[in-house]
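The values are calculated or read from the model by the stated rules, or taken from the named source; none is laboratory data. From a predicted model like this one, the values you see are computed outputs, not experimental measurements. Cβ placement follows ideal geometry from the backbone for every residue including glycine, while neighbour counts extend to all protein chains displayed. Side chains are part of the model used for accessible areas, which takes the heavy atoms of the whole protein and leaves out ligands, DNA and RNA. Shrake-Rupley method; radii C 1.70, N 1.55, O 1.52, S 1.80 Å.
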Amino acid sequence: MQSDNPRALLRKHGFQPKGRYSQNFLVAPRTVQRICDRILLTTAEEWVIELGAGTGVLTVELLLRGATVTAVEPDPDMVHVLRTELGAEAHLSILMADALDLDVQTMSLDKNRRPIVAGNLPYAITGSILRWACANAAFVKRYVFLVQKEVGQRIVAMAGSAHYGALSVFLQNKFEPHVLERVGKDAFFPRPKVDSALVALETRHAPITEETSVFRSTVRAAFDARRKTLRKALSQNLLSSDQARSVLLAADIDGQRRGETLSVEEFMRLSDHAARELGST
C-alpha cells in the first residue's frame, strides 16, 4: 500500500478532474500528514468516515496509521481507482455514495461507536455538508474538514465580527470549532482560485440549546435583515411588532441591537421567549 500522487494515479487510469464534482485533489504530502495528525488525536484505533476520498491519498495515510476507514466517493471513476488500488485493504470499505445521503446514525449503531468524519469538501456543496454535519452531530465524535478559507472564518467568527452569521450560530451551538491552519492553493490539483482552511468541529457534550424550528427561525430572521435592528428584523420576518417588543423585553435584549451582535446564548434566550409568545397566539 502506498500513497501515490493524484496526478500520477489519474494518468495511470486515464481520468481527469471533473468540474461537476468540484474535484481539487490534495497533492502536498506534508499537508496530508498534518491533516491526519488532526484527525487521529489519540493512538487508539479510530473509525474514520472520509467524505470525497478521491484517489485515496488521505485514505492511505489514515490506514497506515491504524485507522479503520469508510471511504465515501460519488464519482464512479474515482471509486474505480480506489477499488483497483486499495480494494484488498482489510480495514477499508468503499462506498459509492453522496455524502448527504449517508445515514450516520445507523452506521454508528451498527459499529457501536461514533466515527470521526473528515474530508476535503467540494466548495460547491460545503454549505449543504455543514448543515448535514449539524443534523448528525449527536452521532459523530468530531469533524475535520478542508473548506474554503472564508468559510473557515465564518465558522469560528465571534459575535460582532464581520464574518459572524447564521452559520456561525448553528455550528457553534453544537460544536467547539477551531481553524487549525491555512492551506494554500498549491496543495491542490487542479489549483483552486482561493486558499483553504483546515477546521475541526468538536462535538459538544450537549448543544447550548435545542435547535428547534423557532430557534432556527429566530436566527435566520435576525440575519436575513442584518442591516435592520432586531426589533424591525423580528417583526418583519417572525413576529408582529408588539410581539417583537414583548419578546425582546422579556429576553432583556435591546431591540436597537443587530443580530450580528448576539451570542449563541442570547439567541437561545430570545428564541425561548419567541416560542412562548408564538405558542400563546
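Looking at the structure I just gave you, is Gly14 touching a His at 6+ places or on another chain (Cβ under 9 Å), open to solvent by 20 Å² or more (accessible area, probe 1.4 Å) and on the phi > 0 side of the Ramachandran plot? Step through it out loud before you land on a result.
Numbers: touching a His at 6+ places or on another chain (Cβ under 9 Å): no; open to solvent by 20 Å² or more (accessible area, probe 1.4 Å): yes; on the phi > 0 side of the Ramachandran plot: yes.
No, not satisfied.
In region 190-235, how many residues are open to solvent by 60 Å² or more (accessible area, probe 1.4 Å) and in contact with a strand residue (DSSP E or B) (Cβ under 8 Å, 6 or more places away or on another chain)? Let's see the steps before the verdict.
Residues of region 190-235 open to solvent by 60 Å² or more (accessible area, probe 1.4 Å): 191, 193, 204-205, 207, 210, 213, 216, 220, 224, 226-228, 231-232.
The next check asks that each one be in contact with a strand residue (DSSP E or B) (Cβ under 8 Å, 6 or more places away or on another chain); those that pass are 204.
So the count comes out to 1.
Which residue pairs have Cβ atoms under 6 Å apart, sit 6 or more places apart or on different chains, and have a first residue in region 46-58 that is among the acidic types (Asp, Glu) and a second that is in a loop (DSSP other than H, G, I, E, B) and open to solvent by 10 Å² or more (accessible area, probe 1.4 Å)? What qualifies is Glu46/Leu40. Checking each residue in region 236-281 for being surrounded by fewer than 17 Cβ atoms within 10 Å (Cβ to Cβ) and β-branched (Val, Ile, Thr) picks out Thr261, Thr281.
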